[in-house]
Amino acid sequence: MTDRKTQLAANLAKVEDRIAAACAAAGRKRDEVTLIVVTKTYPASDVRILSELGVRHVAENKDQDAAPKAAECSDLPLVWHFVGQLQTNKVRSVVRYADVVQSVDRSRLVTALSKEAARVGREVGCLIQVALDAEESARGERGGVGPGGIEELADLVAGSPGLRLDGLMTVAPLAGAYAGRQRAAFERLMDLSTHLRRAHPAANMVSAGMSADLEEAVAVGATHVRVGTAVLGVRPRLG
């Protein structure tokens, strides 16, 4: 193997061991948790290596990085997740490659995603990004809608052509009542997921936890964890 492939394989194995241990501690099966590798700032060559190593889910947070990378890797059996704050003027590009948009947080974005998905004949999965540092229906510092805005947005997604309501996502907040309390934040997200599934039973995806706190997310029931640095290491930004 090349040096880079050897490095990524070792890092991936460590992350897999962490997820497996967290699942065992929580009494969960390993296959209940999906690893999404966040490849932002890393080249398409790394994505190709990850695919060779068995990774099937990758995520990006900036369209200008993601679009060319997804095009270069279009022959690979990957599910692409968009996890960054998404402006409506980037929707046309993102819908071409993203299988799931995890950062849906306002009605205008839902409308734009639906219009474009329907135009190109794609179905795009959507997660409502929940801001646990926001007032009930306000937006958070890192995007997302407050808990009070979930229901209305979820109903809008569920009723929009070309879109599929998959569940909820959050980023552990840096401010507010949950700052520094990742497990409590993720428990709150799980409570919100339980409530959402009463109206939308199929929306059972819960995306939470990253390199530093994936164990806390797995412990409370997250179905997907988003890991970048622990797999890919630290590298300067592209461009």
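The values are calculated or read from the model by the stated rules, or taken from the named source; none is laboratory data. Quick caveat: nothing in here was measured; it's all calculated off a predicted structure. Every residue, glycine as well, gets a Cβ built from its backbone with ideal geometry; the counts of neighbours run over all protein chains shown. Protein only, heavy atoms only, side chains kept; ligands, DNA and RNA dropped before computing areas. Shrake-Rupley method; radii C 1.70, N 1.55, O 1.52, S 1.80 Å.
Side notes on the structure shown:
- In percent, rounded to a whole number, the relative contact order of the stretch 24-72 is 40, using alpha-carbon pairs under 8 Å and six or more apart.
- Cα-Cα separations in the chain greater than 21 Å, expressed as whole percent: 55 percent
- Carbon plus sulfur fraction of accessible area for the chain, probe 1.4 Å, in percent: 49 percent
- Per residue solvent-accessible surface (Å²) - the chain, probe of 1.4 Å: 45 Å²
- Only Lys, Arg, Asp and Glu carry charge here, each on its Cβ (+1 for the first two, -1 for the last two); on that basis the chain has a dipole of about 440 debye about its Cα centre.
- The packing ranking, built from the mean of other Cβ atoms within 10 Å per residue, places the peptides 118-129, 19-30 in the order 118-129, 19-30, highest first.
- Separation of the alpha carbons by more than 19 angstrom is noted, of Lys5/Lys62; Lys69/Lys90; Lys40/Lys115, for Lys5/Lys62; Lys40/Lys115.
- Of all DSSP beta bridges confined to the chain, the antiparallel ones make up roughly 5%.
- Segments 168-176, 143-151 sorted - mean Cβ within 10 Å per residue, highest first: 168-176, 143-151
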